[in-house]
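Student: Would you mind keeping the following structure in view while I ask a few things?
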Amino acid sequence: MLSRHAESLFWAGRYVERASYITRMLDVASTRQLERSSRSSSDVWRDLLRVLYLDEAFAEANGTDLSSETVSRFLVFDRDNPSSVAASVREARANVMNVRDVVPIELLEAVNRLHSGSTDRSLAQLVQRSPHEIYETVSGLCRTVTGAIDEAMTRDDGYRFLMVGRLLERAEMTCRMIDINRSVSGGDASAWMSVLRSVSGLHAFTRAHGALAPANEVVRFMLHEPSFPFGVLHCLSRVSSLLSEVDGAASWESPRAAGRLAAELQYAEIPSVDDPSLERLLERLEANIRKTSENLHNDLYQFGGAPLMYSFETV
Amino acid sequence: MLPPMALLDSYDPGRTFCEVFTNGEVRPHYEQLVARLNSLSLADIDERARLTESTFRNLGITFAVYGGDEGTERTWPIDLVPRIIPAAEWATVEAGLVQRTRALNMFLDDLYDGEGAAIRDGIVPEWLVKSSDGYRRAAHGLSVNGGARVVVAGIDIVRDDLGVYRVLEDNLRVPSGISYVVENRAAMRRAFPLLFGQYSIRPVDDYGSMLLEALEFQAPVGVDDPTVVLLSPGPFNSAYFEHAFLARRMGVELVEGRDLVVRDHVVYMRTTGGLRQVHVIYRRIDDDYLDPVVFERSSVLGVPGLIAAMRAGNVAVANAVGNGVADDKAVYPYVPDLIRYYSGADPIVPNATTYTLWDDEQRAHVLDRLDELVVKPVAEAGGYGIVIGRSASDEELDRARRDIAANPRGYIAQEVIELSTHPTLARDRLAPRHIDLRPFIVTGETTRVVAGGLTRVALREGSLIVNSSQGGGSKDTWVLDYEGAA
């Protein structure tokens, strides 16, 4: 397949995942700030913005006005926020449209539905109602996209690049969530339960470890549990095996990098929540996940050099 | 109690040629359609139109309109009242299109890869050919298999007030619209499935294989299983939907210039598995952007070294380079003579009456009657720059007069053709709207015509401008297997 197509599919996967991840986190954070806990409502919103690396951008646009409405608006469709839900959906669609000749019609249709259901206007209406409705709507539409991927896509290289994009985005987000919660909530069990909820993991976790399990167990679960779809180890192992199946990938660096990362994580001792070495482990993971993404870009264009990138203005 | 009025009971076709009614009677081939429409209410049709629009939107069947910010992507506009052409009428049009396309191919091949016989024998003046915007010196000596320089042609035809089909213009470079022909048909099947049981309609959806066959015919000598690609300027182009559609239908890669690289006069595409040789390029970008080494230097859409690779015989490009000289509107008046010259027969489908403005006598005549004629710039497409005398202001006419005086080569003038009309869904009724037709003609080993083509409709009352970039709509076009009512 064309290298450019591979890259577009990769980014389409990343952006769909990002849109759905953001709405999920927004929903969980909004529930959490309604509950009585050690952290104030504005702390909860600040934590969320930090997970997304958007705390500074938010402060620039909104100052210190941290409320359900300002944060929702900013995360969902604010034009000042290049990583908003709306922007992610636009990017996801643009990337799918770039490869519309190679993806199944069902996927095209699902992405267009996601796009027309996520216009600034319809999102603004949802923001006025509640973060939960944003989640219900956008996440639901994202699931029709992932359903179309699962049901209609041939398991070819295109599928693999799309999935690699989704899984790397997930792995990175999960790491960040653990990292932020570690630094702000420490061993507070209820905070960790919220984190699990935002990755659809609460039920799976309680079934496996019981409702009384300590925070350290949650961190291990999110990093190590191979059967947990949002688990970092799960994502990285799949990235490695998907990439190694790609036609011509025998000489690539990215499948090896992902494989090494997965193996390293698998055999790593997971430090407890209050141990500073957990922070270092998470930082290393995040950095290496980003590196894998760069490796992949270089692998795709090792033949004939990276192509000229251009924008509409120069055409 | 009286039954409610049927939709077409009070239809007034006006004075121009109507495709459906003649002297208050329904033409035989429209009888079943009219009966079906009369069994529906406007709300029924509106409902189907809404469903069709939302399907098109979800499938991304859209076109981009340049010059705006957001919302520059518009859903493809289809009017759900189809246009019907009976078999014998179509057979004549089809023969005329084949005849014309063959002559144009012969003219181009004669000019660029032959002895220039048409110029030598005085059929068309040399200065006119060589001063054309579409003329490319670089195309000389570039051979094309079977002389099929125009692999895909879109020839716009209209019907005048007597119902005579006439060619309005030729599009021999990168004509677009065929994807909408196929999608319109699919939409009509969803909207009016029952009608398809009552009519026997010639299919249009084998276009992918028709085009691929013609493109493979262009493969360099000795290549048995050629790799064909479609070269697009990318998603910002107004016809990107069509590029993706055709790539899908043919099962070929949709590439952009940056996906291709030339090494030692061989063209490759960059794939995840390494460089892969490309043999035939169906390009949907203009000559100017094709190869920055030869044409527009600042272009990033094209492929440096492509023309040299063509000259080396390692890759074929369709449509060929330099075709624009033959669809120059100033060359158009000579096409009937070119047909006679190359085929020895009279044109089956005539031109519109046209005046050339560098001829003193004709120019004087035109300037006299400017308020009755249509003036068209020779190099513009998409309906831009056209001045329709009777509806132009005095200022516009003065400007046209000055433009013509300054550059008589740059314009032609034509008698106004009162395009035929067709019942079309308007806000609160079915109303007559002007239509034209763009058939598609594909040349490989032989020349074939897609049954029907893209019927474009001017949605504004009285308007003669059908271009979709200017608010035009479209209709599914049914070519019947038989005459009239079965």
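Student: Take B:L51 and decide whether it is in contact (Cβ under 8 Å) with a residue 40 or more places away in the chain, surrounded by 17 or more Cβ atoms within 10 Å (Cβ to Cβ) and on the phi < 0 side of the Ramachandran plot.
Tutor: So B:L51 fails the test.
Student: Just a yes or no: is a residue in the range B:424-438 polar (S, T, N, Q) and outside any strand (DSSP E or B)?
Tutor: no
Student: Now for a different question. Might you let me know whether the range B:331-342 holds any residue that is crowded, with 24+ Cβ neighbours inside 10 Å, more than 11 Å from chain A (Cβ to nearest Cβ), farther than 23 Å from A:L300 by Cα and touching a strand residue (DSSP E or B) at 6+ places or on another chain (Cβ under 8 Å)?
Tutor: No, the range B:331-342 contains no residue that is crowded, with 24+ Cβ neighbours inside 10 Å, more than 11 Å from chain A (Cβ to nearest Cβ), farther than 23 Å from A:L300 by Cα and touching a strand residue (DSSP E or B) at 6+ places or on another chain (Cβ under 8 Å).
Student: Given the criterion farther than 30 Å from B:Q32 by Cα, in contact with a Lys or Arg (Cβ under 9 Å, 6 or more places away or on another chain) and of a type in the set (F, W, Y), identify the matching residue among B:F236, B:F217, B:F196, B:F241.
Tutor: Going through B:F236, B:F217, B:F196, B:F241 in turn, the sole match is B:F241.
Student: A further question follows. Here are some conditions: (1) within 25 Å of A:M97 (Cα to Cα); (2) within 14 Å of chain A (Cβ to nearest Cβ). B:V266 meets all but one. Which one does it not meet?
Tutor: B:V266 satisfies every listed condition except (1).
Student: Moving on to the next point. Filter the range A:217-248 down to the residues that are crowded, with 20+ Cβ neighbours inside 10 Å and closer than 16 Å to A:G158 by Cα, then identify the one that is nearest to the other protein chains (Cβ to nearest Cβ).
Tutor: So the residue we want is A:V246.
Student: Identify all residues within the range B:301-311 that are crowded, with 19+ Cβ neighbours inside 10 Å and more than 14 Å from chain A (Cβ to nearest Cβ); write none if there are none.
Tutor: Residues satisfying the conditions are B:L306, B:I307, B:A309, B:M310.
Condition check ((1) modelled with pLDDT of 95 or more; (2) under 20 Å from the mean Cα position of the chain (by Cα); (3) within 14 Å of another protein chain (Cβ to nearest Cβ)) across all residues:
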| residue | (1), (2), (3) |
| --- | --- |
| B:V255 | yes, no, yes |
| B:V261 | no, no, yes |
| B:R270 | no, no, yes |
| B:V278 | yes, no, yes |
| B:Y282 | yes, yes, yes |
| B:F295 | no, no, no |
| B:S299 | no, no, yes |
| B:N314 | yes, no, no |
| B:V317 | yes, yes, no |
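Student: Still on this structure: Testing B:C18 on (1) within 27 Å of the chain's Cα centre (by Cα); (2) closer than 20 Å to B:N184 by Cα, one condition comes back false. Which one is that?
Tutor: (2)
Student: Check off (1) away from chain B (no Cβ under 14 Å); (2) among the hydroxyl-bearing types (S, T, Y); (3) without any contact (Cβ under 8 Å) to a residue 60 or more places away in the chain; (4) closer than 30 Å to A:L2 by Cβ for A:S116 and give me the number that stays unchecked.
Tutor: Of (1) away from chain B (no Cβ under 14 Å); (2) among the hydroxyl-bearing types (S, T, Y); (3) without any contact (Cβ under 8 Å) to a residue 60 or more places away in the chain; (4) closer than 30 Å to A:L2 by Cβ, only one is false for A:S116: (1).
Student: Output the residues belonging to the range B:252-268 that are touching a residue at least 40 places away in the same chain (Cβ under 8 Å) and either surrounded by 22 or more Cβ atoms within 10 Å (Cβ to Cβ) or more than 21 Å from B:V300 (Cβ to Cβ) (or both).
Tutor: B:V252, B:E256, B:G257, B:L260, B:H265, B:V266, B:V267
Student: Another question about this same structure. List the helices (runs of 4 or more DSSP H) that sit entirely inside the range A:84-199 and contain at least 2 residues that are within 23 Å of A:D43 (Cα to Cα) and modelled with pLDDT under 95.
Tutor: Once the helices (runs of 4 or more DSSP H) in the range A:84-199 are filtered for at least 2 residues that are within 23 Å of A:D43 (Cα to Cα) and modelled with pLDDT under 95, what remains is A:120-129, A:131-134, A:157-185, A:189-198.
Student: Out of the residues in the range B:84-108 meeting the condition of being within 19 Å of B:Y332 (Cβ to Cβ) and touching a Ser or Thr at 6+ places or on another chain (Cβ under 9 Å), tell me which one is surrounded by the fewest Cβ atoms within 10 Å (Cβ to Cβ).
Tutor: Among them, the one singled out is B:V98.
Student: In the range B:211-244, what count of residues is obtained for those that are surrounded by fewer than 19 Cβ atoms within 10 Å (Cβ to Cβ), of a type in the set (A, V, I, L, M, F, W, C) and touching a strand residue (DSSP E or B) at 6+ places or on another chain (Cβ under 9 Å)?
Tutor: Residues that pass the stated criteria total 3.
Student: Considering only the range A:264-273, I want to know if a residue exists there that is crowded, with 17+ Cβ neighbours inside 10 Å and in contact with an Asp or Glu (Cβ under 8 Å, 6 or more places away or on another chain).
Tutor: No; the residues of the range A:264-273 include none that is crowded, with 17+ Cβ neighbours inside 10 Å and in contact with an Asp or Glu (Cβ under 8 Å, 6 or more places away or on another chain).
Student: Would you check if there is a residue in the range B:433-440 being at pLDDT 95 or above, crowded, with 24+ Cβ neighbours inside 10 Å, among the aliphatic types (A, V, I, L, M) and farther than 17 Å from B:G472 by Cβ?
Tutor: no
Student: Looking at (1) under 30 Å from B:S131 (Cβ atoms); (2) at pLDDT 95 or above; (3) surrounded by fewer than 24 Cβ atoms within 10 Å (Cβ to Cβ), which is the only condition B:R402 fails?
Tutor: Condition (2) is where B:R402 drops out.
Student: Out of curiosity, is A:A257 over 18 Å from A:V195 (Cα atoms), modelled with pLDDT under 95 and assigned to a helix (DSSP H, G or I)?
Tutor: yes
Student: Let me spell it out: the conditions are (1) free of Cβ contacts under 8 Å to residues at least 60 places away in the same chain; (2) within 10 Å of chain B (Cβ to nearest Cβ), and A:V103 meets all of them except one. Which number is the exception?
Tutor: For A:V103, the failing item is (1).
Student: Of (1) surrounded by fewer than 19 Cβ atoms within 10 Å (Cβ to Cβ); (2) assigned to a helix (DSSP H, G or I); (3) modelled with pLDDT under 95; (4) not β-branched (V, I, T), B:F56 satisfies all except one. Which?
Tutor: With respect to (1) surrounded by fewer than 19 Cβ atoms within 10 Å (Cβ to Cβ); (2) assigned to a helix (DSSP H, G or I); (3) modelled with pLDDT under 95; (4) not β-branched (V, I, T), B:F56 is out only on (1).
Student: Out of (1) away from every other protein chain (no Cβ under 14 Å); (2) of a type outside the set (S, T, N, Q); (3) touching a helix residue (DSSP H, G or I) at 6+ places or on another chain (Cβ under 8 Å), the odd one out for A:G140 is which?
Tutor: (3)
Student: With the structure loaded, tell me whether A:R39 is within 17 Å of A:N181 (Cβ to Cβ) and not hydroxyl-bearing (S, T, Y) or whether it fails that test.
Tutor: Here the answer is yes, as A:R39 does meet what is asked.
The values are calculated or read from the model by the stated rules, or taken from the named source; none is laboratory data. Keep in mind that this is a model prediction, so the values were computed, not measured. All Cβ positions, even for glycine, are placed from backbone atoms using ideal geometry, and neighbour counts span all protein chains on display.
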